[in-house]
1. Please work out how much accessible surface Asp51 shows to a 1.4 Å probe, ignoring ligands, DNA and RNA, in Å² rounded to 10.
2. For q values of 0.17, 0.24, 0.25 Å⁻¹, compute log₁₀ I(q)/I(0) with the Debye formula on a Cα-only model of the range 107-201, without solvent.
3. How much accessible surface area, in Å² rounded to 10, belongs to the heavy atoms of Thr262 with a 1.4 Å probe?
4. Keeping all protein chains in the complex and leaving out DNA, RNA and ligands, what accessible area do you get for Asp263 with a 1.4 Å probe, in Å² to the nearest 10?
5. Quick one: of Lys69/Lys190; Lys112/Lys141; Lys77/Lys112; Lys69/Lys141, which pairs are farther than 22 Å apart, Cα to Cα?
6. Heavy atoms only, 1.4 Å probe, whole protein assembly: order Tyr53, Tyr142 by accessible area, highest first.
7. Ranked from the most accessible area to the least, with a 1.4 Å probe and all protein chains present, what is the order of Arg230, Arg266, Arg184, Arg243?
8. Tell me, in nm to one decimal, what length is gained between Ile100 and Leu80 on full extension, where the rule is 0.36 nm per residue of separation less the Cα-Cα distance?
Amino acid sequence: MITTHFRNIAALGMTLLGAVMLTGCFTGIESTPKITAADVKRQQIETTPEDTYLSDISFQPPRQWQPGKLFYVTDPKINLIFSPSQTNPDPAKGTLLSFIGIEESVSLTGEKVSDIILADTAGHHYTYRVDHSRDNLLEEKYLEIPFTVEMSVVDSVRERMEGHTYYIITSSWLDSEATPRTGRRFVPVKVTGVSPGNSFSPVLLSLLDENGQPFTMFLTVGNDNRSTRRFSSIFSLTDPRLRFPDITDEIWKLITNGRVTTDMTREECRLALGQPDNVDRTPGYSILREVWTYENGIYLIFEDGRLRTFRQ
């Protein structure tokens, strides 16, 4: 009987604890945790045609390098990676270096190393030493020669994109001098040229918008999903306007210029300004209020899904 008594007390305690926990789940603010941009991005996991458009273009592994393979010099600091015993002139930015071959050597500590031999158009040879034996080096999936871009990548992107029209989905444009400026979103642009970029983004695109205004854009290739310069982060293969037939022409014009106005929906504001860095939801007695904030000081305040106040 005593055992049964204690069991009843324990059961009653669990019931009371469950009631307290259920009450705590519906106290308003506690039931609406802060939502971050990362939470939103985790929901966007489906693969699109844009994700795979350039995914087959990547850097060649060393075992595929053939004599004559070209590397574009992006920075004169490249002289820092070459053997200091050489007396050749320092390659300038824009120099094309041709792959000659890979020679195995022995380091001062007695370890096997590989010397990658390159040459400029004047016949000067340059040696870039890698701390791997030749056999191990040829097993690597990727090898970066600092301050260079593989011209095979640039050539492949040129063959795929030059002369074609896409729809740009970012407002982060660059002028002809690669200086950042704010452009429009969701407008057609034509690729008029493809040239070497830099060590971070190997391709530089020359573009014209539908008004004939030129600008440029850096681009990465391969399957690096972390890059913000991937094709899918910059372009759409189809007209985004067709996906939003309910948005009026007046609002769409604001969206393409990255502007917002009162009474716009959350979806319209997201199209205009991109994903917010932070979202706070606060339920009131009769409305649901959301505050979107961005790194650049922009904030939007929504009430029941409509924009009421903003700073842009």
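The values are calculated or read from the model by the stated rules, or taken from the named source; none is laboratory data. Everything numeric here is computed off the predicted structure, so don't read it as measured data. Note: areas computed on protein heavy atoms with side chains; ligands, DNA, RNA excluded. Shrake-Rupley method; radii C 1.70, N 1.55, O 1.52, S 1.80 Å.
1. That residue has around 40 Å² of solvent-accessible surface.
2. -0.94, -1.36, -1.40
3. 70 Å²
4. 80 Å²
5. Among Lys69/Lys190; Lys112/Lys141; Lys77/Lys112; Lys69/Lys141, the Cα-Cα distance tops 22 Å for Lys69/Lys190; Lys77/Lys112.
6. My answer, sorted largest first, is Tyr142, Tyr53.
7. Putting Arg230, Arg266, Arg184, Arg243 in descending order of accessible area: Arg243, Arg266, Arg184, Arg230.
8. 5.2 nm
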